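Visitor: Dropping a structure here in structure tokens format, bear with me for questions.
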Amino acid sequence: MDPVQRLLAYHEIGNVIGRYCMLFDDQDWDGLADLWTADASFEVEDKIFEPREVLLEFLRTCLPAGFQSKHMIAPPVIDLADDGLAAKARTDVVWISGNFENTIVARYQDDLVNEDGRWRFRRRLEIPMQYTPGPPPMSETAASVSASTMRVETD
């Protein structure tokens, strides 16, 4: 691949990852279905949903119809295969529920393939960050630098 083709692939892959978030949040299940290969899988901890129709049923039934939420993602880190037909991407995600709480903090690890000129997910692994109660165990210096931006719990 020449450098322009590589840049275009990075852009298209990032677009697929962003579209997943918006289509899920908008409950656009037909649009979401188009982002996955027929043999795709979605894995969260010890649960695996495959192929595409099974994973779409899982996604459609995660929340009641009309429930509002938002995925907030960092720019993905993409590793493109030399042939330009496959890629791996890692994306940090925060899912904010309708109550505005950060309900899920995780990393997506995606395997994507270029099928007939379109990038699609073949596999998504969601790695949740485990909840740790209480304030972070920061050094005094780190706490003093960050104190003005941190939420303080009051009784």
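The values are calculated or read from the model by the stated rules, or taken from the named source; none is laboratory data. From a predicted model like this one, the values you see are computed outputs, not experimental measurements. Backbone-built Cβ (ideal geometry, glycine too); neighbour counts: all protein chains shown. In case anyone asks, the SASA skips ligands and DNA or RNA and just uses the protein heavy atoms, side chains included. Shrake-Rupley method; radii C 1.70, N 1.55, O 1.52, S 1.80 Å.
Visitor: Give all pairs with beta carbons closer than 9 Å in which a residue from segment 117-139 that is without any contact (Cβ under 8 Å) to a residue 60 or more places away in the chain and farther than 30 Å from LEU80 by Cβ meets a residue that is in a strand (DSSP E or B) and open to solvent by 40 Å² or more (accessible area, probe 1.4 Å); count only pairs at least 6 apart in sequence or on separate chains.
Guide: Pairs that qualify, where the first residue is without any contact (Cβ under 8 Å) to a residue 60 or more places away in the chain and farther than 30 Å from LEU80 by Cβ and the partner is in a strand (DSSP E or B) and open to solvent by 40 Å² or more (accessible area, probe 1.4 Å), are TYR131/VAL105.
Visitor: Check PHE100, PHE67, PHE121 and return the single one that is aromatic (Phe, Trp, Tyr) and on the phi > 0 side of the Ramachandran plot.
Guide: PHE100
Visitor: Can you name the residue in segment 1-21 that is open to solvent by 80 Å² or more (accessible area, probe 1.4 Å) and in contact with a Gly (Cβ under 9 Å, 6 or more places away or on another chain) and is also farthest from ASP82 (Cα to Cα) among such residues?
Guide: Filtering segment 1-21 for residues that are open to solvent by 80 Å² or more (accessible area, probe 1.4 Å) and in contact with a Gly (Cβ under 9 Å, 6 or more places away or on another chain), the one farthest from ASP82 (Cα to Cα) comes out as ARG19.
Visitor: In segment 98-120, which residues are in contact with a Lys or Arg (Cβ under 9 Å, 6 or more places away or on another chain), open to solvent by less than 40 Å² (accessible area, probe 1.4 Å) and over 15 Å from VAL77 (Cα atoms)?
Guide: The answer is VAL113, and nothing else.
Visitor: When the residues of segment 54-71 are narrowed to those that are of a type outside the set (Lys, Arg) and surrounded by 13 or more Cβ atoms within 10 Å (Cβ to Cβ), which ends up nearest to VAL16 (Cα to Cα)?
Guide: Among them, the one singled out is HIS71.
Visitor: Sticking with this structure for a sec: Mind checking whether some residue in segment 77-89 is without any contact (Cβ under 8 Å) to a residue 60 or more places away in the chain, out of contact with any helix residue (DSSP H, G or I) (no Cβ under 8 Å at 6 or more places or on another chain) and more than 25 Å from GLY117 (Cα to Cα)?
Guide: no
Visitor: Then there's this: What number of residues within segment 35-87 satisfy the criterion of being in contact with a Pro (Cβ under 9 Å, 6 or more places away or on another chain) and part of a loop (DSSP other than H, G, I, E, B)?
Guide: 1
Visitor: Filter segment 68-126 for residues that are over 9 Å from the mean Cα position of the chain (by Cα) and among the hydroxyl-bearing types (Ser, Thr, Tyr); which is modelled with the lowest pLDDT?
Guide: My answer is THR103.
Visitor: Hey, among ASP25, ASP39, which residue is more than 15 Å from VAL113 (Cα to Cα) and surrounded by fewer than 18 Cβ atoms within 10 Å (Cβ to Cβ)?
Guide: Being more than 15 Å from VAL113 (Cα to Cα) and surrounded by fewer than 18 Cβ atoms within 10 Å (Cβ to Cβ) holds for just one of ASP25, ASP39, which is ASP25.
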